[in-house]
Amino acid sequence: MKSLWNDTEAATFGTDPLGQRVYTSRLLGRNPDLVLHGGGNTSVKVEEKDFFGEPVNLCYVKGSGWDLATIERAGFAPVRMSALLKMAELDSMTDSDMVLQQRVAMTNPNAPAASIEAILHAILPFKFVDHSHANAISALTCAKDGEARVKEVFGKRVLVLPYVMPGFVLAKQVYEAMKKTDLRKEGIEGIVLLKHGLFTFADDAKASYEKHIELVTVAEEWLAKKSGSYKPATAEANVDLKELAALRRAVSKARGVPQIAKLNSTAEAVGYSNTSGVADYGTRGPLTPDHSIRTKRAPGYIAGDDIDGSVAKFADDYKAYFERHKSEGHTMLDPAPRFVIWPGRGLVSFGDTLKDAKIVADISEATHKTVALAEAAGQWEPLSEKDIFEIEYWELEQAKLRKGPARKVHQGKVALVTGCAAGIGFAIAESLAEQGAQVVGLDIDKDIPQIMAKIGAVGIVVNLTEDQPVQDAIDFTVREYGGIDIVVSNAGIFPKNDNLDAMAQSDWDRTISINLTSHQKLMNKVIPFVKLGIDASIIFVGSRNFKAPGPGASAYSCSKAALTQLCRVAALELAPHKVRVNIVHPDAVFDTKLWTPEALAKSAARYNMTVEEYKTKNLMKVEIKSKDIGNMVAAMASPLFAKVTGAQIPVDGGNDRVI
Ligand SMILES: [Zn+2]
């Protein structure tokens, strides 16, 4: 492992201690072998003047919710040293009280909550303290003879402490150890916490950081030697996308809410999933207690083709684990795996959002690589079940769950929307994305990727009348997110008005091809996945024209009438699969690219109306906007419509020809 320190870059963070602290914290955060997603913590001790000009000794310690890779000055909590040292002297303290007292002792009440390892940072008699959960330290210490290994590898260079629960108990353990050990006098360079991580310290930011790199490198070199000729196994993935969708559905069911699934089918992940014995060592436990908050104690394992049975087994085992270790006041968390080992396919990670699933995917990637290496270097023996239970059901974690953010209506769902570069289609994609869905938008417009990116969605350029590109877009969606729950079949054109005796055959053919046949083709390909969706629903975008046609619009009206019939048949066919199929009939939506100001003025003049009157030409005299349709479609895809299928919903402000 190499030091990433760079003098020029370091100077841009400021030469004051906090500036240097920000810089080397980021260096730790930049290396995924040291720190992943909010893991690890750092601190710096400084003397400042308080508001009244009195000198005050502070420990600036990483605030919770901040990531070392991107931390800023504002990410550090300024806590009075005197309070932290006083807490260390207490015989006992609950972690909730500790968090509260740390907040009380801050000189800035608006700063983030200080890390739960703040007391420990304060106790160590050095200006800078760096703490990580380095993979190599896990691989080294998660073994039966972990302590002996540390002594063999580091000799007297480090102090080694047995695993105890992070928080006050750990702070107290270090406090007691410091009474007997003079780190400076004895020339101790770091503290190894077995099955947890590493602390290094110095009075200089660079020295503390580089000591960290140096000690981790020593551990890495020992592991390489000990594991001898070990090379990670590799294999080609063989993924059936319908099986992936079925797996996502089973896990979502166990979790009680839809999940995004992130497949990792790199050659190394597949090789790992195929290794004999992986069902055993791959499910023994996490690299460090911190990870278990995201991943639970262990991943699931998919045995053979039995996806549902394997997920159910994980849930049963989880319930038994809860029963074995629970005590009063514990509420069982959901029994769904956060990632699974799937022989022949690799690893699959799950999360409420794509971001959550990616975090789990990063942790599972580090886990499989480190576990395989550790097993090769001797028997991998992570933290005990009981220790992990205490972390998973820690009072602080349970409190966090109780006040977790409210879920969005479509969170964890995957939506496919066609014809969404502008107008109604764009508004639909936007409403679904705003309400938490992972949206994939298909359109023939070559700018669709950029247009969808604006709303956090993915856009794919597709001609919906062509078969293979549509299939590819569907496959992409399932491969990236695990399935498809919502399909909004919206794409359509409005050809130029011509009476039947004047119409070009090509206008008719093109309209039917896009407004009707492309929808039928999409259904043909997407329904197998929608059947495996969660609270699945299909929504077509029709038109008021279907019930109230106008002269000169035969192709458009007929295509929308047939589309409505397609919707009705789909509703009949899919009801046994609990898939809802409904259609929305908008009318007079003028904020679309079909309507230029000139076209609007021309139409208004034809009715002898002002543009304003024309726009609100309905019984309720209200203007219908794209967003009204977007929000209606999002509602139709939501649990509000859980028991509605085959419905035709007008969004037209009331029309006497339709009512
Ligand atoms: Zn830690």
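Only a single criterion out of (1) closer than 30 Å to LYS226 by Cβ; (2) open to solvent by 10 Å² or more (accessible area, probe 1.4 Å) is not satisfied by ASN108, namely (1).
I'd like to verify a number: residues in region 190-207 that are part of a loop (DSSP other than H, G, I, E, B) and open to solvent by 40 Å² or more (accessible area, probe 1.4 Å), how many? Walk me through how you get there before you give the answer.
Narrowing region 190-207 to residues part of a loop (DSSP other than H, G, I, E, B): 194-196, 203-204.
Imposing the further condition that a residue be open to solvent by 40 Å² or more (accessible area, probe 1.4 Å) reduces the set to 203-204.
Within region 190-207, residues that are part of a loop (DSSP other than H, G, I, E, B) and open to solvent by 40 Å² or more (accessible area, probe 1.4 Å) number 2.
GLY456: surrounded by fewer than 17 Cβ atoms within 10 Å (Cβ to Cβ) and either without any contact (Cβ under 8 Å) to a residue 60 or more places away in the chain or closer than 17 Å to GLY630 by Cα (or both), yes or no?
Against the criterion (surrounded by fewer than 17 Cβ atoms within 10 Å (Cβ to Cβ) and either without any contact (Cβ under 8 Å) to a residue 60 or more places away in the chain or closer than 17 Å to GLY630 by Cα (or both)), GLY456 qualifies.
Put simply, of HIS121, HIS131 the only residue that is open to solvent by less than 10 Å² (accessible area, probe 1.4 Å), under 25 Å from ASP67 (Cβ atoms) and either outside the structural domain of LYS206 (by TED's automatic domain parsing) or not in a helix (DSSP H, G or I) (or both) is HIS131.
In region 208-222, the count of residues that are open to solvent by 30 Å² or more (accessible area, probe 1.4 Å), closer than 26 Å to VAL153 by Cβ and in contact with a strand residue (DSSP E or B) (Cβ under 8 Å, 6 or more places away or on another chain) is one or more.
Looking only at region 240-272, which residues are outside any helix (DSSP H, G or I) and within 22 Å of the chain's Cα centre (by Cα)? I'd like the intermediate steps shown before the answer.
First pass over region 240-272, keeping only residues outside any helix (DSSP H, G or I): 240, 256-266.
Selection gives GLY256, VAL257, PRO258, GLN259, ILE260, ALA261, LYS262, LEU263, ASN264, SER265, THR266.
Each residue in region 604-649 was checked for being among the small types (Gly, Ala, Ser) and more than 27 Å from the chain's Cα centre (by Cα), and 5 pass. Exactly one residue out of ASP387, ASP485 is acidic (Asp, Glu), out of contact with any Asp or Glu (no Cβ under 9 Å at 6 or more places or on another chain) and in contact (Cβ under 8 Å) with a residue 12 or more places away in the chain, and it is ASP387.
Can you find a residue that is within 16 Å of the ligand (Cβ to nearest atom) and not in a loop (DSSP other than H, G, I, E, B) anywhere in region 178-185? Checking region 178-185: not a single residue is within 16 Å of the ligand (Cβ to nearest atom) and not in a loop (DSSP other than H, G, I, E, B).
Within region 402-415, being in contact (Cβ under 8 Å) with a residue 60 or more places away in the chain and either part of a loop (DSSP other than H, G, I, E, B) or out of contact with any helix residue (DSSP H, G or I) (no Cβ under 8 Å at 6 or more places or on another chain) (or both) holds for ARG407, VAL409, HIS410, GLN411, GLY412, LYS413.
So which residues in region 223-243 are of a type in the set (Gly, Ala, Ser) and exposed (fewer than 15 other Cβ atoms within 10 Å of the Cβ), if there are any at all?
Within region 223-243, the first condition is being of a type in the set (Gly, Ala, Ser), and the residues that meet it are 224, 227-229, 233, 235, 237.
Result: ALA224, GLY228, SER229.
Against the list (1) outside the structural domain of THR24 (by TED's automatic domain parsing); (2) in contact (Cβ under 8 Å) with a residue 24 or more places away in the chain, the condition LYS231 fails is (2).
Of all the numbered requirements in (1) within 24 Å of PRO78 (Cα to Cα); (2) away from the ligand (no atom under 16 Å from the Cβ); (3) in a helix (DSSP H, G or I), SER92 misses one, and that requirement is (3). Scanning region 164-174 for residues that are surrounded by 20 or more Cβ atoms within 10 Å (Cβ to Cβ) and part of a loop (DSSP other than H, G, I, E, B) yields PRO166, GLY167.
Which condition breaks for LEU28 when tested against (1) at negative phi; (2) without any contact (Cβ under 8 Å) to a residue 60 or more places away in the chain? The one condition LEU28 does not meet is (2).
Give the number of residues within region 6-22 that are small (Gly, Ala, Ser) and open to solvent by 10 Å² or more (accessible area, probe 1.4 Å).
The total comes to 2.
For region 186-195, a residue qualifies if it is within 16 Å of the ligand (Cβ to nearest atom) and more than 14 Å from LYS211 (Cβ to Cβ), and the qualifying residues are LEU193, LEU194, LYS195.
Looking across region 134-162 at every residue that is touching a strand residue (DSSP E or B) at 6+ places or on another chain (Cβ under 7 Å) and not in a helix (DSSP H, G or I), the one that is nearest to the ligand (Cβ to nearest atom) is identified as ALA134.
Among SER25, SER43, SER3, which is among the small types (Gly, Ala, Ser) and surrounded by fewer than 17 Cβ atoms within 10 Å (Cβ to Cβ)? Let's see the steps before the verdict.
Working: SER25 fails: surrounded by fewer than 17 Cβ atoms within 10 Å (Cβ to Cβ); SER43 fails: surrounded by fewer than 17 Cβ atoms within 10 Å (Cβ to Cβ).
That would be SER3, the only listed residue that is among the small types (Gly, Ala, Ser) and surrounded by fewer than 17 Cβ atoms within 10 Å (Cβ to Cβ).
No other residue among GLU434, GLU430, GLU466 is buried (at least 19 other Cβ atoms within 10 Å of the Cβ) and of a type outside the set (Val, Ile, Thr) apart from GLU430.
For the condition of a type outside the set (Gly, Ala, Ser) and either within 25 Å of LEU640 (Cα to Cα) or in contact with a Gly (Cβ under 7 Å, 6 or more places away or on another chain) (or both), GLU430 qualifies.
Inside region 469-481, can you point out the residues that are open to solvent by less than 40 Å² (accessible area, probe 1.4 Å) and under 19 Å from the mean Cα position of the chain (by Cα)? So that I can check it myself, show each step before the final result.
Just the residues of region 469-481 that are open to solvent by less than 40 Å² (accessible area, probe 1.4 Å), to begin with: 470, 473-474, 477-478, 481.
If the condition is that a residue be open to solvent by less than 40 Å² (accessible area, probe 1.4 Å) and under 19 Å from the mean Cα position of the chain (by Cα), then THR477, VAL478, TYR481 are the ones that fit.
Note on region 499-513: residues that are of a type in the set (A, V, I, L, M, F, W, C), touching a residue at least 12 places away in the same chain (Cβ under 8 Å) and open to solvent by 40 Å² or more (accessible area, probe 1.4 Å) total 3. Residues in region 284-299 that are more than 16 Å from the ligand (Cβ to nearest atom) and open to solvent by 30 Å² or more (accessible area, probe 1.4 Å): ARG284, ARG297.
The values are calculated or read from the model by the stated rules, or taken from the named source; none is laboratory data. Bear in mind that the values here come from a model prediction, so they are computed numbers and not experimental data. Cβ atoms come from the backbone with ideal geometry, glycine included; neighbour counts cover every protein chain shown. Heads up: the accessible areas ignore ligands, DNA and RNA and are worked out on the full protein's heavy atoms, side chains in. Shrake-Rupley method; radii C 1.70, N 1.55, O 1.52, S 1.80 Å.
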